[in-house]
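Notes follow the structure.
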Amino acid sequence: MQSVEPFYGWQSANAAPVCPAYAAVRSPVHLFEILSKLWSRQTCAPRMQSAWRPDRPTLGQCSITAFLCQDIFGGVVRGIPLPDGSVHCYNVTQGCVFDLTSAQFLPEVLTYADDPVQSRESHFAKEEKRLRYEMLKAKLTEYLRESSK
C-alpha cells in the first residue's frame, strides 16, 4: 500500500464505487491515498484542530470521511462509543469493514464490532460538521476533476 499511513481494514477493503460520480475512485485504499492529500485543519473537528498536523491527517476527520465513503461505496456508517462520550465512525459495506481514519488512535487499535448505525441526519444536525463534510466532498470532486484532465 502506498499511502501516508495504514487504516483499519485496508487489506480487505475491496469495495467498488456504487455512485457513478465517483467511478474514478477504485477502492477505499485509493480513496485513502487521495484524502491523505485533502484532509486539513479546516476539515478537522473544531475541538481537535489545534492538535491537527499534516503528519497526522486523519485526526478529527472520522464522521465526515465515513459519510463520504458511504456516498461512494454505499453501506452503513457505524460508530464506536468512546470514553469521552463521542463516537468514532467507520464503514461497513460490500462485505468490508474499514476505517479510513483509524490511524488517529495509534498505537491503540479500536475494536470493530456490531456498533450502532450512525445517521447522517443526526451527525449533520451540527452545521459545522455538515459544512466540513461539504468542504471535503468538494475537495474530492475537484481533485477527481483535475486528475481526469
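The values are calculated or read from the model by the stated rules, or taken from the named source; none is laboratory data. From a predicted model like this one, the values you see are computed outputs, not experimental measurements. FYI the Cβ positions are ideal-geometry reconstructions off the backbone, even for glycines, and counts take in every protein chain you see. Surface accessibility is based on the protein's heavy atoms, side chains included, excluding ligands, DNA and RNA. Shrake-Rupley method; radii C 1.70, N 1.55, O 1.52, S 1.80 Å.
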Quiz prompt | Computed over the stretch 1-143: relative contact order in percent, which uses C-alpha pairs under 8 Å that are six or more apart | solution = 27
Practice problem: Report, in debye and to the nearest 20, how large the dipole of the chain comes out about its Cα centre when Lys and Arg carry +1 and Asp and Glu carry -1 on their Cβ. | Solution: 440
Practice problem: Go ahead and estimate [θ] at 222 nm for the chain from helices alone: -39,500 (n - 2.57) per DSSP H run with n ≥ 4, summed, over the residue count, rounded to 500. | Solution: -10000 deg cm²/dmol
Practice problem: With label points built 7 Å along Cα→Cβ from the Cα atoms of Gln42 and Ala125, find their separation and express it in nm. | Solution: 2.8
Practice problem: Counting only heavy atoms of the protein chains, get the accessible area per residue of the chain (1.4 Å probe) and round it to a whole Å² value. | Solution: 50
Quiz item: What's the carbon and sulfur percent of the chain's accessible surface, probe 1.4 angstrom, rounded to a whole number?
Solution: 55
Quiz item: Which sequence of His30, His88 reflects their accessible areas, 1.4 Å probe, from the largest down?
Solution: His30, His88
Exercise. With no solvent and one equal point scatterer placed on each C-alpha of the stretch 1-96, evaluate the Debye formula and give log10 I(q)/I(0) for q = 0.10, 0.11, 0.13, 0.25 Å⁻¹, two decimals.
Key: -0.26, -0.32, -0.45, -1.45
